[in-house]
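Notes to accompany the following structure.
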Amino acid sequence: MHQTLLLCLSLLLAVSILVMIGQRLRIPTPIFLVLSGLGISLIPGIPRIEIDPELIFLIFLPPLLYEAAWFMSWKEFWRWRRIIMVLAFGLVVLTALAVAYVSSALIPGFTLALGFLLGGIVSPPDAVAATSVLKNVNISKSTVSILEGESLVNDASSLIVFRFALAAVASGTFVFQTAAVDFFLVTILGVVVGLAVAGIFYAIHRWLPTSTSIGVLLTFIAPYTMYLVAEEFEVSGVMAVVSGGLFLSNQSHRILNHSERIQSVSMWSTVVFALNGLVFILIGLELPVIINGLGDYSKIEAIEYGLMVTSVLIVSRILFSFVSVAFTRFIGQYITVAVRNVSYRAPLILGWSGMRGVVSLASALSVPLTLQNGEPFPHRNLILFITFVVILVTLVAQGLTLPMIIRWVNYVDPIPRLPEDEQQTRIRLKLAKAALTHLQENYANDLNDNELVRNMKNQMENDLHQTKRHLNALESDSEDIARYNQIRAEIITVKRDELQRLSSKQEFDDDVLRSEEARMDLEEEKNNHPIH
């Protein structure tokens, strides 16, 4: 137990240090962590780490999916629902079929069922890898929304394909009609279970006297409950977590107060950082275990198979993206679509954003050692190695070149959007106007008789005036904006230095100083986005 705890703490410390180095080198975090894990695994004396797939599915997957669903824009998800569903379901199934036919034709002894199993394992792109790579790239909001929405749903579809393919290999029988019906039932019932469990948590948040700490804790318990209940009913736990997370996120303004929202954001940010970091470094650390399991296969031959499957995945995704654009242009003549005349630059970005990650590795590791009759599972070690090659090549090759492709393509967002700074300022302006109007219309007597209310009105008018000026300043030249950002950062530093000086004075209590520091933290967080 002590060794396990020490290993976990060592990995978390290693992740923290490596992320700082990767940021300094401007290498996307998932890529740097996988490569670092590879390098660490080759050091003599480093203990071999074997990942339990149940640990990935049960411990890592629910919170990562829930966090992604929570911060997914429902407006964007609904706007791009058609392309998201086509990519998440249609592309996953077609990719699995393509991998199945190619691998069964070119890998000796590989049956179509084994190929379909491999296709289900390697078909879903990884959301974290794509968003990490795109974080520092000037890319359209629509593209990011489509990739995030796809990644929310495609894990479920790929795991369902994997489940049916695994059953077909184990039993030796596969009935397409039965599998298709079960596919939709597992998906739909997973959504139903997720919404039902989310409804229970909604009721607890809304009508029970929860404190801030309890409310934040409930947001952490919710995804595990959704996943476990769905798996207990043998439906899609992934779809349960995604649907439940989307519902509760959409109702967060009703079920969480301001303190719960602030604390939950901080908590989830740390948890997701730790889980993602552990997952990607563990992928790299798995290399020696996977190589040792190859057995009779030569490494060169296994690498060739891995590169072949990777090529099928990349080509299939790019072709499917172009076909989807052509179909959207055609069907847009008859039904309403988000954007009818989609540029052909878009599928280049979508097609090259198919980095694989944690779900593929966990699926491959969960392939059983033996069949129902006790015989060894055919080609299990090769499936594991091919999956590892796919993850490594897509993460490194596609991840490092995607920013260059985005800059080369220079794709313009088809949805006209105001800059984020201007959107924020306009929202604050509308809120200030609504609040001031309400105060003047409903509390005229208090404004005359109550000095505190009168001072509040003056403060609101001053805030409204400052917001208007800030909106006008967004149209200033770049030198004025740069100077403003510099002065604002300097003012914050002066305040913090003065607060630190006051902490040495006996006249001020530490509790009061910490409270003021927390207030400054919120003020700085509110203004931490400089004007561009």
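The values are calculated or read from the model by the stated rules, or taken from the named source; none is laboratory data. Just so it is clear, the model here is predicted, and its values are computed rather than measured. As a convention, Cβ positions derive from the backbone with ideal geometry for all residues, glycine included, and neighbour counts pool all protein chains shown. Remember, those area values only see protein heavy atoms, side chains included, never the ligands or the DNA or RNA. Shrake-Rupley method; radii C 1.70, N 1.55, O 1.52, S 1.80 Å.
With the whole protein complex present, Ile300 retains an accessible surface near 120 Å², based on a 1.4 Å probe.
The simple spin-label model puts a point 7 Å past each Cα toward its Cβ; for Thr437 and Val271 those points are separated by 4.0 nm. Here is the P(r) of the stretch 132-232: all C-alpha pair distances, binned every 5 Å from 0, give 2, 10, 14, 14, 14, 14, 14, 10, 5, 2, 1 in whole percents. Loop-only chymotrypsin sites (Phe, Trp or Tyr not before Pro) in the stretch 54-134, please: DSSP not H, G, I, E or B, and at most 14 other Cβ atoms within 10 Å. Loop-located and lightly packed - Phe71.
In the stretch 1-91, the alpha-carbon atoms span a convex hull of 168 Å³ per residue. Taking a point 7 angstrom from the Cα of Leu208 along the C-beta vector, which residues in the stretch 219-234 have backbone N less than 12 Å away? So the set is 219, 221-222.
Using Cα atoms only, what is the angle between the long axis of helix 237-250 and the major principal axis of the chain, expressed in degrees (0 to 90) to the nearest 10? With both axes taken from Cα atoms, the answer is about 10 degrees. Once you treat every alpha carbon in the stretch 369-487 as an equal point and sum by Debye, what is log10 I(q)/I(0) at q = 0.12, 0.18 Å⁻¹? These q points yield log10 I(q)/I(0) values of -0.75, -1.05. Summing charges over neighbours of Val358, with a neighbour being any other residue whose Cβ is under 10 Å away from its Cβ, gives -1 when K and R count +1 and D and E count -1. Seen against the Cα atoms of the chain and their longest principal axis, helix 176-207 is set at about 30 degrees.
Only protein heavy atoms count here; under a 1.4 Å probe, Thr4 has an accessible surface of about 80 Å². For the chain, take the longest principal axis of its alpha carbons; what is the angle in degrees between that and the long axis of helix 510-526, to the nearest 10 within 0 to 90? Helix 510-526 and the main axis of the chain meet at about 70 degrees.
The count of lysine pairs in the chain whose Cα atoms are under 14 Å apart, excluding pairs fewer than 8 places apart on the same chain, comes to 4. Set against the 2.2 N^0.38 Å expectation for a compact globular protein, the chain has a Cα radius of gyration ratio of 1.10.
Segment Gln486..Leu369, full-extension length gain: 36.1 nm, with 0.36 nm per residue of separation and the alpha-carbon distance subtracted.
Scalar couplings 3J(HN,Hα) for the stretch 8-24, obtained by applying the Karplus form with A = 6.51, B = -1.76, C = 1.60 to θ = phi - 60°, are 4, 5, 5, 5, 5, 5, 4, 4, 4, 5, 5, 5, 4, 5, x, 5, 5 Hz; x denotes Gly and Pro.
Equivalent ellipsoid semi-axes for the stretch 25-151, as square roots of 5 times the alpha carbon gyration tensor eigenvalues: give them largest first, rounded to whole Å. Walk me through the intermediate numbers first.
Values: eigenvalues 151, 124, 44 Å².
Semi-axes, largest first: 28, 25, 15 Å.
Can you give the longest stretch of the chain with no exposed loop site, where a site means GluC sites (Glu not before Pro) in a DSSP loop (not H, G, I, E or B) with at most 15 other C-beta atoms within 10 Å?
235-474
Computed over the alpha carbons of the stretch 177-300, Rg followed by Dmax gives 19.3, 63 Å. Counting pairs of Cα atoms in the stretch 189-258, how many percent are more than 15 Å apart? The answer is 46 percent, as a whole percent. Note on Lys141 and Glu50: the model spin-label points, each 7 Å out from Cα along the C-beta direction, lie 4.9 nm apart.
For the chain, with every protein chain kept in place, what is the accessible area per residue (1.4 Å probe, Å²)?
Per residue, the chain has an accessible area of 53 Å².
In plain terms, the chain from Arg496 to Asp521 could stretch by 8.0 nm, reckoned as 0.36 nm per residue minus the Cα-Cα distance. The 3J(HN,Hα) values that the Karplus relation (6.51, -1.76, 1.60; θ = phi - 60°) gives for the stretch 358-370 are, in residue order, 5, 5, 5, 5, 5, 5, 5, 5, 7, 4, x, 6, 10 Hz. Gly and Pro appear as x.
The string of couplings for the stretch 312-324 from the Karplus curve (6.51, -1.76, 1.60, θ = phi - 60°) is 4, 4, 5, 5, 4, 5, 5, 4, 4, 5, 5, 5, 5 Hz, one whole number per residue in order, with x for Gly and Pro. Of the heavy-atom accessible surface of the chain (probe 1.4 angstrom), what whole percent is carbon and sulfur? So the carbon and sulfur contribution to the accessible surface is 61 percent.
Once the convex hull of all Cα atoms in the stretch 238-386 is built, its volume per residue stands at 207 Å³. Can you give the local net charge around Lys433? Use residues other than it whose beta-carbon is closer than 14 angstrom to its beta-carbon, Lys and Arg +1, Asp and Glu -1. That sum, taken over residues with Cβ under 14 Å, equals +2.
For the full complex of protein chains and a 1.4 angstrom probe, list Lys457, Lys430, Lys495 by accessible area with the highest value first.
Lys430, Lys495, Lys457
Full extension of the chain between Leu58 and Leu217 gives 55.5 nm of extra length, using 0.36 nm per residue less the Cα-Cα distance.
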